[in-house]
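Shown next, in structure tokens, is the structure this report addresses.
The values are calculated or read from the model by the stated rules, or taken from the named source; none is laboratory data. Just so it is clear, the structure is predicted and the values come from calculations on it, not from any experiment. Glycine gets a Cβ as well: all are built from the backbone with ideal geometry, and neighbour counts include every protein chain shown.
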């Protein structure tokens with residue numbers, strides 16, 4: 001008779017799966033997977049048979065998220081990672097960057113992406129040239145001069161919300177034999193699908209709009225070339241930036257409401273931008289007519305004025321992220337671009353009075369009322 005201590009270990013486990021298919025992807029909270037024979041395990045390890053052996057190599061819940069995002073971005077393959085930065089890192093590695101390679105990067109990239117290129121990749125002999133992608137003639141000239149292996153841009157930049165001309169970037173990349181990586185976090189596949197325009201890879205911080213509820217961190221890389229699959233998975237397996245199954249489930253659930261959330265958030269952002277452009281205490285509104293983000297420059301362009309406005313908000317949340325169902329605000333000079341020198345921030349237009357607003361799904365009248373009272377609070 002089996003001892004109770006043994007029963008406690010094995011009881012209820014490894015039961016046959018039911019014939020019924022769950023309508024929502026389950027959370028497969030298992031680090032390892034077993035099979036009926038060693039031959040099957042050998043075949044799965046060797047890629048001869050489809051399956052899972054170890055969650056660092058792949059997991060059904062994570063695979064469901066990867067497939068969902070691959071479909072909406074219209075790519076050939078996708079791989080999930082623990083964070084958006086892990087995804088950016090993997091995309092760059094998958095482009096076979098090595099000592100002597102050159103990257104042509106938008107000067108308006110997310111601050112951490114710029115730091116990754118200029119600090120980490122530089123130490124391995126990879127040179128990065130930062131340039132303003134709003135001036136395409138200069139970009140084209142610089143690309144011809146340096147012959148980059150990779151060009152990296154954002155669909156909508158952070159925090160000044162410049163919209164990238166992806167088609168032109170594709171042309172420049174093709175002319176120079178470069179691979180084009182597009183960070184599509186701010187636009188999401190609901191608003192723009194860069195792979196359909198010819199980009200090679202798309203990256204997302206799934207922590208933002210894809211998840212949408214401030215409760216899960218993750219990143220994704222989607223490629224239009226199936227050949228990138230092995231490189232992307234290898235980076236995930238060896239570097240270890242594996243997305244957790246709980247986070248994968250939350251992001252997959254958030255993805256289901258992306259369309260309805262973005263419709264409301266974009267509508268709200270447009271209304272807020274139109275209201276603020278006439279406000280006497282706002283010197284400038286950055287809003288390209290696309291997306292759910294609005295950045296404003298206060299007329300009193302000081303850190304003290306920005307902090308005072310943000311502290312006076314009652315509905316909008318002080319947050320270091322974006323893309324959530326609630327409206328949130330961030331001060332770029334002390335957050336996303338904190339590591340830059342004051343002179344460099346000034347050069348990029350990241351002034352002390354700049355505040356980024358990630359517009360949520362609340363009633364627009366309530367958002368405007370809160371921003372109004374905060375702007376007029378002395």
Picked from the stretch 281-312 (must be assigned to a strand (DSSP E or B) and more than 15 Å from residue 372 (Cβ to Cβ)), the residue farthest from the chain's Cα centre (by Cα) is 283
Output the qualifying pairs, or none if there are none: Cβ atoms under 6 angstrom, residues six or more apart or on different chains, first residue in the stretch 104-118 and in the same structural domain as residue 87 (by TED's automatic domain parsing) and closer than 16 Å to residue 86 by Cβ, second residue assigned to a helix (DSSP H, G or I) and modelled with pLDDT of 95 or more. 112/85; 113/88
In the stretch 101-127, the residues that are farther than 14 Å from residue 179 by Cα, in contact with a strand residue (DSSP E or B) (Cβ under 8 Å, 6 or more places away or on another chain) and part of a loop (DSSP other than H, G, I, E, B): 107, 108, 109, 110, 126
Going through the stretch 352-378 one residue at a time, which ones are touching a helix residue (DSSP H, G or I) at 6+ places or on another chain (Cβ under 7 Å), part of a loop (DSSP other than H, G, I, E, B) and closer than 15 Å to residue 309 by Cα? 352, 353, 377
Per the filter on the stretch 335-367, residues surrounded by fewer than 16 Cβ atoms within 10 Å (Cβ to Cβ) and closer than 27 Å to residue 262 by Cα are 335, 363, 365, 366
Among the residues in the stretch 150-165, are any surrounded by fewer than 23 Cβ atoms within 10 Å (Cβ to Cβ), closer than 18 Å to residue 104 by Cβ and over 17 Å from the mean Cα position of the chain (by Cα)? yes
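Out of 268, 274, which single residue is outside the structural domain of residue 216 (by TED's automatic domain parsing), surrounded by fewer than 20 Cβ atoms within 10 Å (Cβ to Cβ) and part of a helix (DSSP H, G or I)? Walk me through how you get there before you give the answer.
Values: 268 fails: surrounded by fewer than 20 Cβ atoms within 10 Å (Cβ to Cβ).
Exactly one of 268, 274 is outside the structural domain of residue 216 (by TED's automatic domain parsing), surrounded by fewer than 20 Cβ atoms within 10 Å (Cβ to Cβ) and part of a helix (DSSP H, G or I), namely 274.
Of all residues in the stretch 350-378, which are within 28 Å of residue 210 (Cα to Cα) and out of contact with any strand residue (DSSP E or B) (no Cβ under 9 Å at 6 or more places or on another chain)?
Once the filter is applied, which keeps residues that are within 28 Å of residue 210 (Cα to Cα) and out of contact with any strand residue (DSSP E or B) (no Cβ under 9 Å at 6 or more places or on another chain), the stretch 350-378 yields 350, 361, 362, 363, 364, 365, 366, 368, 369, 370.
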